[in-house]
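Working notes, beginning with the structure itself.
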Amino acid sequence: MRCSVCKNAYYCSAVCQKEDWSIHKKGCALYAKVREINEAQEARDAEKLKKKPRKTHCTGCNVRFDPEECDDQEECPDCSYIACESCGCHHSRGSCYCPNSNFGRKYCEMEPQWYHMSSATGKSYKGDRHPDEFDPNAYEAEARKCGNCGEIAKCLKNDYL
């Protein structure tokens, strides 16, 4: 059972919920407002992801591409983010809009780095990781389904994320 206003508090029964109301009501409205703000931000982020960047300019620095030298740009196959050579190797401007990958390369298959984030939301990737080459002691004991790509693999322990 869950509070219908804030959707933050969980209860085992209506009796427990009623008993807790005198304490819970103090923070309930605040929890509800925070949830409303977070949902609005997520909706804005989702809308931003729908917009495709123009193909004539770098999405990172907004420099116009030289039509003669079209080989210097990198485009994400999923979100269409386009980066010039300079932005493609930059930690933040070189991150596309995708939350779980960068230019089609899944974060879960890469070693953890602080700059693995979506440039649309600015949020770091916090999911599973199973890079090919990493300290053998850093992996979980049993293989399981990756929460990002669905592949069955030994993922890194939380201490290494």
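Scan the range 119-143 for residues that are open to solvent by less than 80 Å² (accessible area, probe 1.4 Å), out of contact with any helix residue (DSSP H, G or I) (no Cβ under 9 Å at 6 or more places or on another chain) and not in a loop (DSSP other than H, G, I, E, B) and the total you get is 1. Entry remark, the range 68-118: residues being charged (D, E, K, R), at pLDDT below 80 and in a strand (DSSP E or B) number 1 in total. Just one of the listed residues (VAL34, VAL15) is modelled with pLDDT of 90 or more and surrounded by fewer than 12 Cβ atoms within 10 Å (Cβ to Cβ), and it is VAL15. So, in the range 150-161, of the ones that are modelled with pLDDT of 90 or more, assigned to a loop (DSSP other than H, G, I, E, B) and of a type outside the set (D, E, K, R), which residue ends up least open to solvent (accessible area, probe 1.4 Å)? Within the range 150-161, the match that is least open to solvent (accessible area, probe 1.4 Å) is CYS155. Residues that are in a loop (DSSP other than H, G, I, E, B), surrounded by 10 or more Cβ atoms within 10 Å (Cβ to Cβ), of a type in the set (Ser, Thr, Tyr) and touching a residue at least 12 places away in the same chain (Cβ under 8 Å) occur at least once in the range 39-62.
The values are calculated or read from the model by the stated rules, or taken from the named source; none is laboratory data. Just so it is clear, the structure is predicted and the values come from calculations on it, not from any experiment. Every residue, glycine among them, receives a Cβ derived from its backbone with ideal geometry; neighbour counts consider all protein chains shown. For the accessible areas, the whole protein counts, side chains as well, though only heavy atoms, and no ligand, DNA or RNA atoms are used. Shrake-Rupley method; radii C 1.70, N 1.55, O 1.52, S 1.80 Å.
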